Number of protein chains: 2
Amino acid sequence: MKITTNVIILQKASSVKRKSAGEILKTLRVPEATVSRLSIYSRFLERLDKNGITTVSSGEIADGVGVSPAQVRKDLAYFGDFGTRGVGYNVKDLLKYTLKILGLDQEWPLAIVGAGNLGFALCTNRGFSVRGFHIAGVFDNNSTRIGKQIGNLEVKPLAQFPEIAKKENIRIGIIAVRTSLAQEVADIMVKSGMQAILNFSPVTINVPEDIEIRNVDLSIKLELLTFNLGIKTTQSL
Amino acid sequence: MKITTNVIILQKASSVKRKSAGEILKTLRVPEATVSRLSIYSRFLERLDKNGITTVSSGEIADGVGVSPAQVRKDLAYFGDFGTRGVGYNVKDLLKYTLKILGLDQEWPLAIVGAGNLGFALCTNRGFSVRGFHIAGVFDNNSTRIGKQIGNLEVKPLAQFPEIAKKENIRIGIIAVRTSLAQEVADIMVKSGMQAILNFSPVTINVPEDIEIRNVDLSIKLELLTFNLGIKTTQSL
DNA sequence: AATATTATGTGAAAATTACAACAAATGTAA
DNA sequence: TTACATTTGTTGTAATTTTCACATAATATT
Ligand SMILES: NC(=O)c1ccc[n+]([C@@H]2O[C@H](COP(=O)([O-])OP(=O)(O)OC[C@H]3O[C@@H](n4cnc5c(N)ncnc54)[C@H](O)[C@@H]3O)[C@@H](O)[C@H]2O)c1
Ligand SMILES: NC(=O)c1ccc[n+]([C@@H]2O[C@H](COP(=O)([O-])OP(=O)(O)OC[C@H]3O[C@@H](n4cnc5c(N)ncnc54)[C@H](O)[C@@H]3O)[C@@H](O)[C@H]2O)c1
């Protein structure tokens, strides 16, 4: 009997509904935190695999990434039974499963808008390719940047975004322009058919409900740190 | 009657205990998510203030940053009564309070280790100064990078980290070296007295309990997006 | 073959976080 | 002055997430 799993992640994620006649439709609600941890587990498994380790327990994964063993098992249990009781998990297999779950069993072309310092760093970042990402287009609307070569990529004018995005089959856009222009760029991305956006600018971006958007927010993380350091030294709030 | 507030943030944060004789000691447990949102509210208030807006309601803040009005009020209520019923919040005052709470009523010197592409982008990032951060030192152990000038900063050898960190009173270190060296750099930071670490490398770093560490994790966010896009197109997991 | 050991998967309990509803306070208009 | 509209601060409630505890299964040992 085939079970089609209907995964819905909680928190900020939009709900996803799918129908599948004649099959059991199981509605799963997966915490966003679980998906994030899955990404961490997956990277840890990659390291184990590289080191020739073939089997791992939930406890070892837990130690390796700093969560509880129960959390590891619970997280994995959302997606299936991947382990063997009394033994643990096969590293290669579990790695393959986690990658599949995260959608990393395929190549993901990305588009970056903003060829400034951050955009440059992103373009040259070696980490992407390991996980199946590659930059398929970099855009800017500053004439001093357009035409510049970054690695084997040429910075294109923003006007070409829709055309190239379509040709390259890009579904994920990355915003690396200065704060005041981020919303404008997001709008263009949405119009050009991006289904997901990763935003590096420290500002709240508005997009339609069906577009996935996440922020990589340096300031929030830094200010979380100063908050914590602050209460260690401040007499009262 | 003076109330000394003992703030403890939840999740990954370490608990903080303070004593204060003769005063009411109220133990607050603040969700990390609340602190993160406070950072977002604070930035939104900065924008309002810049636009000359003097009063704002929880509903307007909520609309501006994409949360519920109740959430805004609840978050603020952890730290005090900042509003006026029937009126709302004074923008300038609330901005000042949020900055104070986040520990941003002082200058924070930062140290960056890794003068690669990301390190360079961070050094030249204009966003820091607005919130009271400034890069007080950049370090690398690659001889081709040492001595290079980034803005008005010179890249120093990593060996000088402890000395400069002490002289410049640096408490927060930023890791921007390649993944395989991140733990090593973290160890040096801890030994040099850093109390908080911001890590950009996609790997789990181990530090003593009393050191605050947070990750700015590009991969997790990207893979959250591919997870969501994946379940929209994949027939079954 | 029986027993011990190890480690998964899971249902129930506990903890945490978000949400909703409303009383209290303020300002405004009749 | 009174009634009305607005919006906070707070209490209770619902939803979500994590943790706990253990039955179950696989392997190792005696
Ligand atoms: N530099 C960092 O380390 C860092 C870290 C985190 C977040 N950020 C954020 O990332 C963003 C970019 O930072 P940066 O340091 O690269 O700034 P930058 O000034 O170096 O680069 C901005 C780039 O965007 C381009 N641009 C501006 N408007 C555009 C538009 N409408 N369309 C296309 N391109 C446009 C500019 O020409 C420039 O090349 C900022 O919002 C910043 O706050 C930067
Ligand atoms: N480039 C990006 O956009 C980006 C984004 C997110 C995360 N990251 C992560 O940030 C890290 C750095 O990325 P990058 O693109 O700047 O890489 P990079 O190769 O350009 O720079 C790495 C720098 O660290 C220096 N370094 C290496 N070992 C060191 C040590 N022991 N002490 C001091 N310095 C040392 C190197 O000399 C080099 O200058 C990586 O872990 C990467 O995964 C990069």
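Counting Lys and Arg as +1 and Asp and Glu as -1 over every other residue whose Cβ lies under 14 Å from the Cβ of A:GLY116, the net charge comes to +3.
For chain A, a Gaussian network of Cα nodes joined below 10 Å ranks A:GLY114, A:GLY59, A:GLY193 by mean-square fluctuation, and the top entry is A:GLY59.
Here is the list for region B:24-97: trypsin sites (Lys or Arg not before Pro) lying in DSSP coil, each with at most 11 other C-beta atoms within 10 angstrom of its C-beta, are B:ARG85. Peptide B:195-205 is shielded by partner chain Cβ atoms: per residue, an average of 4 of them sit within 10 Å of its Cβ.
Summing charges over all other residues whose Cβ lies under 13 Å from the Cβ of B:ILE170, with Lys and Arg as +1 and Asp and Glu as -1, gives +1. Using the Cβ-Cβ distance between B:PHE82 and B:SER129 with R0 set to 25 Å, the FRET efficiency works out to roughly 0.45. Which angle between 0 and 90 degrees, to the nearest 10, do you get for helix A:91-101 versus the longest principal axis of chain A when only C-alpha atoms count? Once rounded, the angle reads 50 degrees. Treating the angle as unsigned and between 0 and 90°, give the value, to the nearest 10°, between the Cα long axis of helix B:182-191 and the longest Cα principal axis of chain B. Tilt of helix B:182-191: around 80 degrees. Take every pair of alpha-carbon atoms less than 8 Å apart whose residues are at least six positions apart; their mean separation over the length of chain B yields a relative contact order of 12 percent. Note on the protein assembly as shown: antiparallel DSSP beta bridges, both residues inside, total approximately 20 percent of the bridges counted.
For B:TRP108, the residues whose modelled amide H falls within less than 5 Å of its own, excluding neighbours fewer than 5 places apart on the same chain, are B:PHE133, B:HIS134. In the protein assembly as shown, helical runs assigned H by DSSP with n ≥ 4 each contribute -39500 (n - 2.57); averaged across all residues and rounded to the nearest 500, the mean residue ellipticity at 222 nm is -11500 deg cm²/dmol. Beta bridges per DSSP, both residues in region A:108-221: antiparallel share near 10 percent.
Each other copy holds its own label point for B:GLY127; taking that point as 7 Å from Cα along Cα to Cβ, the gaps run 1.5 nm, nearest first.
Once Rg and the Kirkwood radius are both taken over the C-alpha atoms of region A:108-221, their ratio Rg/Rh works out to 0.93. Converting phi to 3J(HN,Hα) with the Karplus coefficients 6.51, -1.76 and 1.60 and the offset θ = phi - 60°, region B:72-84 yields 4, 5, 4, 4, 5, 5, 4, 10, x, 9, 9, x, 10 Hz in sequence order, with x at every glycine or proline.
Which of the residue pairs B:LYS50/B:LYS221; A:LYS74/A:LYS96; B:LYS96/B:LYS167; A:LYS191/B:LYS221; A:LYS156/A:LYS221 have a Cα-Cα distance greater than 26 Å in the structure shown? Violating the 26 Å limit, Cα to Cα: B:LYS50/B:LYS221; B:LYS96/B:LYS167; A:LYS156/A:LYS221. Distances from B:ARG47 to itself in the other copies, using label points 7 Å out along the Cα-Cβ axis, amount to 3.7 nm in increasing order.
About its Cα centre, the protein assembly as shown has a charge dipole of approximately 440 debye under the convention of +1 per Lys or Arg Cβ and -1 per Asp or Glu Cβ, with nothing else charged.
Label-to-label distances for A:GLY80 across copies, nearest first, come out at 5.5 nm, using points 7 Å from Cα in the beta-carbon direction.
Of all beta-carbon atoms in chain A, the one sitting closest to the axis that brings chain A onto chain B gives A:ALA121, 2, with the distance in whole angstrom.
Bridge orientation summary for chain B: considering DSSP beta bridges with both residues in this region, about 20 percent are antiparallel.
Per residue, the Cα convex hull of region B:38-130 amounts to 118 Å³. Between 0 and 90 degrees, the angle of helix B:218-233 with respect to the longest Cα principal axis of chain B falls at about 70 degrees. Applying a DSSP loop filter and a limit of 12 other Cβ atoms within 10 Å to the GluC sites (Glu not before Pro) in region A:142-213 leaves A:GLU209.
The numbers here are math on the coordinates, done by the rules we state, and not lab data. All values derive from a computational prediction rather than experimental measurement. With ideal geometry, Cβ positions are generated from the backbone for all residues, glycine too; neighbour counts draw on all protein chains shown.
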